[in-house]
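**Student:** Here it is, the structure in full.
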Amino acid sequence: MSKMIEISAIEVGERLRAVDPNHVAVIASSVRECGRILQPIAVSMVYREKALRPNYVLVAGAHRLAAAQLAGLSEIPAEVYEGLSPLAARLIEIDENLLRHELNPLDRAVFLAERKAVYEDLHPETRHGAQGGKGGKTNENDTISFPKDAAEKTGLGERAIQIAVSIATRLSPEIRRSLTGTILSKNQKELLLLAKQPPEQQAEIVGLMLGENAPVKSVKAAIERV
């Protein structure tokens, strides 16, 4: 059950994804029309030494919080969690982004790869089994596998989740950064083909496609040149 809390008591901290000011402006416009935030954010309650009241750390809802501030609100509805571990909070934040914000294939892949890492830290017993670990078998008594859990939480198919994680884990952080905001980041088929190439060739392929006077328009054509 949600309750109203003061915005000034909420600490934002480091986020997995930067707040989009254009998206914030759209939400703020809606807030001004109806006078409130309709969907509660999620926060974790913390107690600071010598503090007279609890503070709250944002778990999910950075865009709604920024929009409420922009619209001039002093309070916001929030689902309050107590005793939430950093890993559990990170999992909630990831699921919030996967469910609520329109993501391109590259962003979705990065979020799902991060979700896999967090989920397996929370449930180490799932690292082997249904995800293709030792033996490739699932223990019926164990916590459900990451693909199945992610599918239930996000509505994505297990196969789609596995493909997305494969893309993110096979592309180096440097390559992912170079692809951000480009047309390649919006094409899963091209991203998957790029991810299947040897790491030393990926940079050459991206350079051929995105450099000045780029001579090729597809990963396949760039592979042929390389």
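**Student:** Which log10 I(q)/I(0) values does the range 1-100 give at q = 0.15 Å⁻¹ under the Debye formula, counting every alpha carbon as one identical point scatterer?
**Tutor:** For the range 1-100, the Cα-only Debye profile gives -0.58.
**Student:** Per q in 0.17, 0.21, 0.25, 0.29 Å⁻¹, report the Debye log10 I(q)/I(0) for the range 163-226, using one uniform scatterer on each alpha carbon and no solvent.
**Tutor:** Log-scaled intensity ratios, in q order: -0.49, -0.77, -1.13, -1.57.
**Student:** With label points built 7 Å along Cα→Cβ from the Cα atoms of E49 and T169, find their separation and express it in nm.
**Tutor:** 4.1
**Student:** I would also like to ask the following. Accessible area per residue for the chain in Å², computed with a 1.4 Å probe and the full protein assembly in place, what is it?
**Tutor:** 58
**Student:** Between the helical axis of 158-170 and the dominant principal axis of the chain, each derived from Cα atoms, what acute angle in degrees is found, rounded to the nearest 10?
**Tutor:** Approximately 70 degrees, to the nearest 10.
**Student:** A follow-up question, please. Could you work out the relative contact order of the range 1-118? I mean the mean sequence separation of Cα pairs under 8 Å and 6+ apart, divided by the number of residues, in percent.
**Tutor:** Once divided by the residue count of the range 1-118, the mean separation gives 32 percent.
**Student:** Carbon and sulfur atoms: what percent of the 1.4 Å accessible area of the chain do they account for?
**Tutor:** Carbon and sulfur atoms account for 50 percent of the accessible area of the chain.
**Student:** Which entries of K3/K148; K116/K153; K116/K189 show an alpha-carbon separation above 24 angstrom in the structure shown?
**Tutor:** K3/K148
**Student:** Nearest 10 degrees is fine. How inclined is helix 86-100 to the longest principal axis of the chain, computing both from alpha carbons?
**Tutor:** Helix 86-100 sits roughly 80 degrees off the main axis of the chain.
**Student:** Show me, bin by bin at 10 Å from 0, the whole-percent P(r) of the chain based on Cα pairs.
**Tutor:** Result returned by the calculation: 7, 26, 27, 23, 12, 3, 0.
**Student:** Please report how far the C-alpha centroid of the range 73-120 lies from that of the range 170-226, rounded to the nearest whole angstrom.
**Tutor:** One Cα centre to the other: 28 Å.
**Student:** Angle between the Cα long axis of helix 105-122 and the longest principal axis of the chain, 0 to 90 degrees, nearest 10?
**Tutor:** The angle comes out near 70 degrees.
**Student:** Moving to a separate point now. Cα gyration tensor of the range 60-106, axes a ≥ b ≥ c as square roots of the eigenvalues: rounded (a/c below 1.5), prolate (a/b > b/c) or oblate?
**Tutor:** The shape class here is oblate.
The values are calculated or read from the model by the stated rules, or taken from the named source; none is laboratory data. Keep in mind that what you see is a predicted model, and the values were worked out from it rather than measured. Here Cβ is always computed from backbone atoms with ideal geometry, including for glycine, and neighbour counts include all displayed protein chains. Just the protein is used for accessible areas: all its heavy atoms, side chains included, with ligands, DNA and RNA removed. Shrake-Rupley method; radii C 1.70, N 1.55, O 1.52, S 1.80 Å.
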